[in-house]
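Student: Would you mind keeping the following structure in view while I ask a few things?
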Amino acid sequence: MTLTYVLMQNLRRNPLRMGLTVIAFALPMAVFVAAISFVVALARVGAHNEAQLRLGVHHKQTLTNPLPEALRRRIEGLDPDRARLAAVCGMRWFGGRVPETQNTLTSLAADVDTFHIVYSDTDMTPEEVVAWQRDRTACVVGRNPATTYGWKLGDRVTLESTVPPYLALEFHIVKVMDNAERANFFYFRRDYLDESRKAAGFDDPRCNIFWVKCRSAAALRSLQQDIDALFAHTPDETKSEDENAFAANFTQAAGDLPGLMQAMAVVVVVVVALVAGNTMMMSIRERTRELAVFKAIGFQSSRVFTIVLGESVLLAMIGSVIGVLPTAALLYAFPVRGLSFGPISGLEVSWVAVVGSMVISLAVGLLAGIWPAMRAMRLHTTDALRRVA
Amino acid sequence: MALPLSYHWRNLLVRRTTTALTVLVIAVVVGVFVWMVSFAGAIDRTMSVASDPRKLIVLKQGATSESNSALPVDEFNKLSQIDEIARDADGRPLISPEMLLQVSLPRLRDGGRTSANVAVRGVTEAAFAVHRRIRLTGRAFSLGEREVIVGRTAAEQFGGLQIGDVVDIGYGGVRGFRVVGYFTGDGGPMESEIWGHLPALMNASNRTMYSSASLLLKEVAEPDAVINQVTGPAIQLAAMSEADYWENQSRLMQVYRFVSFLLVGIMSLAAAFSIANSMFALVAGRVHEFAMMRTIGFSSGSILTGLMIEALMLALVGGAIGCAACAVWLTAVGHTKDMFGANTFTTLAFDIRMNPAVIAKAMALMAAVGVGGALVPAIRASRLAVVSALREA
């Protein structure tokens, strides 16, 4: 009689209880895998941003106060050998709305010469860089708006700015960005914006933020201090933040969905542990006599322990499989794209999330089964045999 | 004849472990549910305050919120041609010109690790007449000095807004504005703002245009007619009721609310199955006992009711623990949350408070879940064939 046989028999003993427990286990696990996918995606974006080594320099009081574009040369002047910084790209918020809709894209005007260096993660090929630099109206689009509005490479698109002076500008798409981190963005040339503003009577080229591409993490930290020190006590007082800190401000205010997901993940683990523990306790209590018989016929205590623990783990794994796999399949088939909660652009299930969920279930199964298993192991055989159900 | 209540709760106490674990599951789910509902309630309360039916907000056409609207002064002046605007004691129309700035301030609830964009509104005396629910608690800003007053919720949630603190607002120079007083707005969106004198703030930020205007209409006026007049060829601006404006801005919050309720809904379902599980166990071990009771003379109806009562007891005790846990969480960990308006780029701060209505809702939900989960086992138990059940060991 193998362990597996015993376990399967035990689970088949009370199919109703098994069924209810499995469902009560599976539902929270479904929530868990979605929540964990979110958390994993966030961690991935965080790691990506850290590797990109970009430092954001904006006005200390608020991001909406623009800085003079001459600040770029002063920042570059801090490091003439380019030992610490590779390039500086000034950006200005455009807030372009897709005409006939209420959707405002995260659209920014960027310096033509350094955009592809500072944003090397857009993976622009040399030909695409040439196209960007040759065409005044060139723009680079993330995959989310491209999919939503059916834009393709080479299309001409118009956006209406939602900030004064409310210009409507036409752009020519030279690249559609594939990667997840840039999925919600729309970049175009700042010289085109400044010319258009000048034509409308607003001649003040400024930037809301300067992104500095640093050569190392240590360089980033030292530049952060030097840049803020350089502009302290001037009208253009700055605050420099790395990309993750910058994004964190928005994540918090955009509803802190990551925080919600993390909290839900913890709640789920607690609930399923309680559910599994409950069932195991019930199961053991009614089988006291049977387990005593096992011991009486010669099963060692450790074997009894293994049987009970194994049953708990098997229960947890079954519930987990039923909860996680359909959810993962659903999210794989219909990934939620087009989210704009801070840095997360979509909810896609990842293998890390699925494997992580299974591992957590295994741990919960073990945890929930330990106490009943120990009770079973420590059964005093003759006392237990004497007990009436 | 009904079974005595003491029988039921003694029964639950005998099976301590099962009861405890089931109650805990319910408590956890209820705790989360109460938090969600309280947050949704805070959003609703704020939005309901911000729906004065006589108030209109006027923006530049093409702007999506006050923050990105630039209203030139001469276009603003055209608004005085509208007859339906209420007048003050001196016969002047109640139109409030306003200008929005932002300032980045540390959030108190995470120790200043992240910063929030707080709205700064430049107002004139007309603002206090138009925004009827704003009440000063203390001094107002003096007209000649660089002073500001702070909304109550903003002062509670963001750093550097206590009386006497100096906030750097403005552009082109370090412009310190001293906080001299607070104001309340019945919990509406304006309580998350800082208010200052319009000319002083325009000076500090080198601006020449307003952001928006708020109008108070006469009681007999038709808001839609006035909106048409504002968007018409004579004035050519955008107007909407205050309620519509804030409802548009609450889009992000509605998404958050939907997601959180979806998650809690699924967890409640899991709690229902857990209760059903426990109830089946509670019934299974007592088959003999129920048969005995039937022979004594209790009807099958009273057994059914009795089991429902036990499930209700589990649900209510779990619910009570969950509510208590949520209250402890809110006091100990934090009861504040702020969220961006959809287009304002500034945050609305919320105070999450439990109130009896929320607790009642949570208890009602759990009672329904408990009863639903216990229905099938209870019916089964009440339909026992007495004699064969008696024979069971």
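Student: For region B:133-279, what class follows from the C-alpha gyration tensor (a ≥ b ≥ c being the square roots of its eigenvalues): rounded when a/c is under 1.5, otherwise prolate if a/b is larger than b/c, else oblate?
Tutor: Taking the square roots of the gyration eigenvalues as a ≥ b ≥ c, region B:133-279 is oblate.
Student: Give, to the nearest whole percent, the P(r) tail of the protein assembly as shown beyond 43 angstrom, counting all Cα pairs.
Tutor: Tail of the P(r) past 43 Å holds 42 percent of the pairs.
Student: How big is the Cα convex hull of region A:61-236 in projection, averaged over all directions, in nm²?
Tutor: Value for region A:61-236: 10.8 nm².
Student: Related question: Return a whole-number percent for the relative contact order of chain B, with Cα pairs under 8 Å and 6 or more residues apart as the contact set.
Tutor: Across chain B, relative contact order equals 28 percent.
Student: Apply the Karplus curve 6.51 cos²θ - 1.76 cosθ + 1.60, θ = phi - 60°, to the phi angles in region B:41-46 and return the couplings in whole Hz, x for Gly and Pro.
Tutor: With coefficients 6.51, -1.76 and 1.60, one gets x, 4, 4, 4, 4, 4 Hz.
Student: Could you work out how much longer the chain between B:R178 and B:V387 gets when fully extended? Use 0.36 nm per residue separation minus the Cα distance between them, nm to one decimal.
Tutor: Extending this stretch completely gives an extra 66.7 nm.
Student: Would you mind pulling out the separation of the Cα centroids of region B:239-274 and region B:331-393, in Å?
Tutor: Here the two parts' Cα centres lie 17 Å apart.
Student: Applying the Karplus parametrisation 6.51 cos²θ - 1.76 cosθ + 1.60 with θ = phi - 60° to the phi angles of region A:370-380, what ³J(HN,Hα) value in whole Hz is obtained for each residue in order, glycine and proline being reported as x?
Tutor: Residue by residue, region A:370-380 yields 4, 5, x, 5, 5, 4, 5, 5, 8, 4, 7 Hz.
Student: Which of rounded, prolate or oblate describes chain B when judged by the alpha-carbon gyration tensor and an a/c cut-off of 1.5?
Tutor: Since a/c reaches 1.5 and a/b is larger than b/c, the shape of chain B is classed as prolate.
Student: Mind giving me the nanometre distance, one decimal, between the label points for A:D204 and B:L375, set 7 Å out from Cα along Cα→Cβ?
Tutor: 6.6 nm
Student: Please give the contour-minus-distance gain from A:D178 to A:L3: 0.36 nm per residue of separation, less the Cα-Cα distance, rounded to one decimal in nm.
Tutor: In short, 58.0 nm is gained.
Student: Give me a comma-separated list of calculated 3J(HN,Hα) values for region B:71-86, in order, Karplus coefficients 6.51, -1.76, 1.60 applied at θ = phi - 60°, integers in Hz, x for any Gly or Pro.
Tutor: Karplus-based 3J(HN,Hα) across region B:71-86 equals 9, x, 4, 5, 6, 4, 4, 5, 5, 5, 7, 7, 6, 6, 7, 5 Hz.
Student: Please order B:H335, A:H116 by the number of other Cβ within 10 Å, starting at the fewest.
Tutor: Least to most surrounded, the residues fall as B:H335, A:H116.
Student: So how do B:M313, A:M177, B:M279 line up by other beta-carbon neighbours within 10 Å, fewest first?
Tutor: Fewest-to-most Cβ neighbours within 10 Å comes out as B:M313, A:M177, B:M279.
Student: What spacing in nm lies between the two simple spin-label points modelled at B:T17 and A:Q262, each 7 Å away from Cα in the Cβ direction?
Tutor: 3.5 nm
Student: Please work out the ratio of the alpha-carbon Rg of chain A to 2.2 N^0.38 Å and round it to two decimals.
Tutor: That works out to 1.39 for chain A.
Student: In addition: Any idea how far apart A:I117 and B:Q61 come out in nm if each label point goes 7 Å out from Cα toward Cβ?
Tutor: For the pair A:I117/B:Q61, the computed spacing is 4.5 nm.
Student: Which one of B:A364, B:I266, B:M279 is farthest out on the positive end of the charge dipole of region B:258-393, using unit charges on Cβ (Lys, Arg +1; Asp, Glu -1) and the Cα centre as origin?
Tutor: B:M279
Student: List the residues whose amide H sits under 5 Å from the amide H of B:S211, counting only those 5 or more places along or on another chain, with H placed 1.01 Å from N in the peptide plane.
Tutor: Amide H neighbours of B:S211, under 5 Å, 5+ apart: B:L71, B:E98, B:M99, B:L100.
Student: Identify the residues of region B:1-38 with backbone N under 11 Å of a label point that sits 7 angstrom from the Cα of B:K361 along the Cα-to-Cβ direction, or state none.
Tutor: What the label zone holds, given the 11 Å backbone N cut-off, is B:33-38.
Student: List the residues whose amide H sits under 5 Å from the amide H of B:F177, counting only those 5 or more places along or on another chain, with H placed 1.01 Å from N in the peptide plane.
Tutor: Amide H neighbours of B:F177: B:V167, B:D168, B:I169.
Student: Follow-up. Given 25 °C and 0.890 mPa s, how large is the Stokes-Einstein diffusion coefficient of region B:55-220 in µm²/s, with Rh as the Kirkwood radius over Cα pairs?
Tutor: Using the Kirkwood radius from Cα pairs, D works out to 150 µm²/s.
Student: Can you put B:I26, B:I321, B:I352, B:I194 in order, fewest other beta carbons within 10 Å first?
Tutor: Starting with the residue having the fewest Cβ neighbours, the order is B:I321, B:I352, B:I194, B:I26.
Student: Amide H to amide H under 5 Å from A:N208: which residues, 5+ apart in sequence or cross-chain, H placed 1.01 Å off N in plane?
Tutor: Hits under the 5 Å cutoff: A:L67, A:M91, A:R92, A:W93.
Since every read-out is calculated from the coordinates, none of them should be taken as a lab result. Note that the coordinates shown come from a computational prediction; the quantities given were computed from them, not determined experimentally. Note that we place each Cβ from the backbone using ideal geometry, even for glycine, and neighbour counts take in every protein chain shown.
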